């Protein structure tokens, strides 16, 4: 199987973003998978946050907004991986293209950290500090799994 196909499958599964174009006529298998992953993630967060009813009322809208903003970063990552796959499948990656891809990869990582930092004050208004830290830990653990899966599937640049 070519790297591009693997990249598309991994991205669709782990980033909860539609990477494959979908037809206009309703849910595709990829859309169903994306929705399931999204729901499973929310369930994981809910079961680990131990929120009171009052905390939950404040937290879930922030969570949804964060996930929406995170999806934009995931889309950037998806585009980067697909671009890398296309270049990689053609043979040796030219230095100029490798530099461009690396710069974008680092910019994506920086954007993710910036996003987390921007949400901490919002979370602090809704939750005790310990639960803010716990939520960020949960997001980090989920992202670590995503990064592990991507690392396992994406070959080193040549």
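For residue 104 and residue 134, the FRET efficiency from 1/(1 + (r/R0)^6), where r spans their Cβ atoms and R0 equals 35 Å, is about 0.65.
Model label points for residue 39 and residue 115, set 7 angstrom from Cα along the Cα-to-Cβ axis, are 2.3 nm apart. Neighbour counts of other Cβ atoms within 10 Å put 131, 141 in the fewest-to-most order 141, 131.
Could you work out how much longer the chain between residue 64 and residue 149 gets when fully extended? Use 0.36 nm per residue separation minus the Cα distance between them, nm to one decimal. Mind showing how you got there, number by number?
On the way: separation 85, 0.36 × 85 = 30.60 nm, distance 2.40 nm.
The residue 64-residue 149 span can extend by a further 28.2 nm.
To make sure I understand, if each residue's beta carbon is the centre and we count other beta carbons within 10 Å, what order do 76, 117, 34 fall in, fewest to most?
117, 76, 34
Bear in mind these aren't lab numbers, they're just calculated from the coordinates by the rules spelled out. Not measured: the values here are computed from a predicted model. For neighbour counting, all protein chains shown are included, and Cβ atoms are generated from backbone atoms with ideal geometry for every residue, glycine included.
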